[in-house]
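This report refers to the structure that appears directly beneath it.
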Amino acid sequence: MITRIDHLGIAVKSIDEALPYYEKALGLRCEHREEVVSQKVRTAFFSAGEVHLELLEPTSPESPIAKFLEKNPSGGIHHIAFATSDITGQLKQAGDTGVKLLHEVPFEGAAGKLVAFLHPKSTFGVLTEFCAPKAH
Ligand code: ZN
């Protein structure tokens, strides 16, 4: 079951350049920074109430975020992430209704969460992520 919007993923050329906007202009606090090697990105997390913002900076030209920035040079909203209590069930439900999955099997994303993405061609143009706390 989807329980809430967990975060919005926002592509930026440089987290260091974007930080003053989020910290000083908006007054949000950066809570966590992490490099996700598997996705070739550096991330920085902010909280806006219950919803997080995930800034994404590419660490390689092959990063999906680098490709996004080629098409959107100013940066912008890259994906929406729904928190789910059952990521495997959520993927199955989407797949069973004909939605193309970018990942059949969840993988470990930032902050130790399990994540998987749906293909934007199947989601009316919105790159969609499911995320769930990692099972122990
Ligand atoms: Zn995300």
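The values are calculated or read from the model by the stated rules, or taken from the named source; none is laboratory data. As the structure is a computational prediction, the values presented were derived from the model and not from experiment. FYI the Cβ positions are ideal-geometry reconstructions off the backbone, even for glycines, and counts take in every protein chain you see.
When the range 24-50 is filtered for residues that are among the β-branched types (Val, Ile, Thr), surrounded by 12 or more Cβ atoms within 10 Å (Cβ to Cβ) and modelled with pLDDT under 95, only VAL36 remains. Among the residues of the range 8-59, those identified as among the aromatic types (Phe, Trp, Tyr) and away from the ligand (no atom under 11 Å from the Cβ) are TYR21, TYR22, PHE46.
Figure legend. Inter-residue proximity from the range 111-127: first residues touching a residue at least 24 places away in the same chain (Cβ under 8 Å), second residues among the charged types (D, E, K, R) and within 13 Å of the ligand (Cβ to nearest atom), beta-carbon distance below 6 Å, spacing 6+ or different chains. Indicated pairs: VAL115/GLU129; PHE117/GLU129. Scanning the range 24-82 for residues that are assigned to a loop (DSSP other than H, G, I, E, B) and within 15 Å of the chain's Cα centre (by Cα) yields LYS40, SER63, GLY75.
Among the residues of the range 97-136, those identified as of a type in the set (S, T, N, Q) and assigned to a loop (DSSP other than H, G, I, E, B) are THR97, THR123. If only residues of the range 83-96 that are more than 16 Å from the ligand (Cβ to nearest atom) and either in a helix (DSSP H, G or I) or without any contact (Cβ under 8 Å) to a residue 40 or more places away in the chain (or both) are counted, the one that is nearest to THR128 (Cα to Cα) is ALA94.
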